[in-house]
Amino acid sequence: MPALGPEGRESMKITMHRWSIGAALALLIAAGCGSGSTSTTTEPGAAGTTGTTPAPSDKKLVVGFSQIGAESAWRTANTESIKSEAAARGIDLKFSDAQQKQDNQIKSIKTFIAQKVDYIAFSPVVETGWGPVLQEAKAAGIPVIVSDRRPDVPEDLYVTFIGADFIKEGEMAAEWLAKKTGGKAVIAELTGTPGSAPANDRKKGFENILAKNPGMKIAFSQTGEFTRAKGKEVMEALLKTPKGAEINVLFAHNDDMALGAIQAIEEAGKKPGKDILVVSIDGVKDAFVAMTEGKLNCTVECNPLLGPPLFDAIEKIRKGETLPKRTIIPDGVFDEAVAAKELPNRKY
Ligand code: GYE
């Protein structure tokens, strides 16, 4: 495995975070003045209530989750994992869908703060611009757990991050491609949501490997916004241009864009998977189906089933356990050779 750049090394580093006594106290206070579902030393009725208040442990834990939207099959599986895991654990989940807009996410986080939820979890649509709202959550004593995408903020503004190493995913896609093509490729790249961590990092990782393979070049790069429709639209337009005729590889930052582009390639009279090799990221079921049909060549898995680790982390915070600042969910590479055998095992 080639040496990683500084970002790669940084992204693989799992730093242990130790709660300061002050933060631990803030957490206890938050638990006490939130739904009170964590055990505290407060007696029922001690805060001037009538004494009929249920014991704190009878109350449901309230978690606010701000989701990005529903742009891809990955996202749908991620939402389903979070909702079903919350239901299985009897957690009162306040779920909000931001429809790809950072403003909507900021608004719903502010609403969660006003509602005094016990915990806030979110997946930031883009990397920047989260400082002020996370400061508000911190000032209110509500612990924040980051899921899937990491915001570019000081680490003290959230308790823990759970998600994939997107740089590594980009590197694995390019490494597979370098092997497959013998290091020669004219590549079209469909990038994800502009400014998002997976778009930034998958590009970075992919280019880390290209830097060592001078025969592999990105000839075209445009966003397909992580959707099937946009992936198809951009590929369709590209194939009508002279540059489109030169392309022999498509690298898409997610499977949905690749699947849309595959349709465009077929409609243009070319064979996806043969005339144009296709490699993408996520590992959703439809990508495995496309591989068994010989239309997609490789997908790098990115596990969306983050519900269980998210609520495990919340449980640990409640118990006062120390969490690592980053928990990286490992990924794997699947290509045509293993697709048929692997398809029945896919969970999303
Ligand atoms: O790859 C893409 C989704 O943040 C890892 O977002 C996630 C990405 C995923 O829309 O399909």
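When a/c reaches 1.5 or more, the comparison of a/b and b/c decides; with that in mind, is the stretch 190-246 rounded, prolate or oblate per its Cα gyration tensor?
It is oblate, given that a/c is not under 1.5 and a/b is not larger than b/c.
Over the stretch 76-225, what lengths in whole Å, largest first, do the semi-axes of the equivalent ellipsoid take, defined as the square roots of 5 times the eigenvalues of the alpha-carbon gyration tensor? Present the calculation step by step, with values, prior to reporting the outcome.
Values: eigenvalues 256, 50, 36 Å².
Taking √(5λ) for each Cα gyration eigenvalue gives 36, 16, 13 Å.
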Item to complete: Provide, as a two-decimal number, the C-alpha radius of gyration of the stretch 238-307 over 2.2 N^0.38 Å, N being how many residues it has.
Response: 1.12
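Could you list the trypsin sites (Lys or Arg not before Pro) in the stretch 259-348 that lie in coil according to DSSP, counting only those with at most 14 other Cβ atoms within 10 Å of their Cβ? Numbers along the way, then the final one.
Working: sites: K270, K274, K285, K295, K316, R318, K319, K325, R326, K341, R346, K347; in loops: K270, K274, K295, K319, K325, R346, K347.
The qualifying sites are K274, K319, K347.
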Worksheet item: Using modelled amide H (1.01 Å from N, peptide plane; none on Pro or chain starts), what sits under 5 Å from the amide H of V249, excluding residues fewer than 5 places away?
Response: V186, A188, L277
Fill in: Cα-projected label distance for I328 with D97, points at 7 Å along beta-carbon direction, nm
3.3
Worksheet item: Fully extended, how many nm does the chain gain between A114 and E321 (0.36 nm per residue separation, minus their Cα-Cα distance)?
Response: 71.9 nm
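Report the GluC sites (Glu not before Pro) located in the stretch 235-317 that are in a DSSP loop and have at most 13 other Cβ atoms inside 10 Å of their Cβ, or state none.
Values: sites: E236, E246, E266, E267, E293, E301, E315; in loops: E293.
Loop-located and lightly packed - E293.
Just to confirm a number: summing +1 for Lys and Arg and -1 for Asp and Glu over residues other than Q99 whose beta-carbon lies under 12 angstrom from that of Q99, what do you get? Could you put the intermediate results ahead of the total?
Numbers: positive: R75, K101, K107; negative: E71, D97, D103.
The answer is 0.
How would you rank F226, F334, going from fewest to most other Cβ atoms within 10 Å of each one's own Cβ?
Result, fewest neighbours first: F334, F226.
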Worksheet item: What spacing in nm lies between the two simple spin-label points modelled at V338 and A237, each 7 Å away from Cα in the Cβ direction?
Response: 3.6
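How high is the relative contact order of the stretch 201-257? Use alpha-carbon pairs under 8 Å, at least six apart in sequence, and give a whole percent.
Working: 31 pairs, mean separation 22.2, N = 57.
Contact order relative to length: 39 percent.
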Worksheet item: Using a basic spin-label model with each label point 7 Å from the Cα along Cα→Cβ, how many nm lie between E207 and Q222?
Response: 1.9
Fill in: Alpha-carbon Rg/Rh ratio, for the stretch 166-302, with Rh computed the Kirkwood way
0.92
Practice prompt. Report the trypsin sites (Lys or Arg not before Pro) located in the stretch 181-258 that are in a DSSP loop and have at most 14 other Cβ atoms inside 10 Å of their Cβ, or state none.
Written response: K184, K212, K240
Worksheet item: How far is the Cα center of the stretch 209-283 from the Cα center of the stretch 157-181, in Å?
Response: 19
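We did not get these values from a lab; they are worked out from the coordinates using the rules stated. Treat the numbers as computed from the prediction; the structure is a model and nothing was measured. Here Cβ is always computed from backbone atoms with ideal geometry, including for glycine, and neighbour counts include all displayed protein chains.
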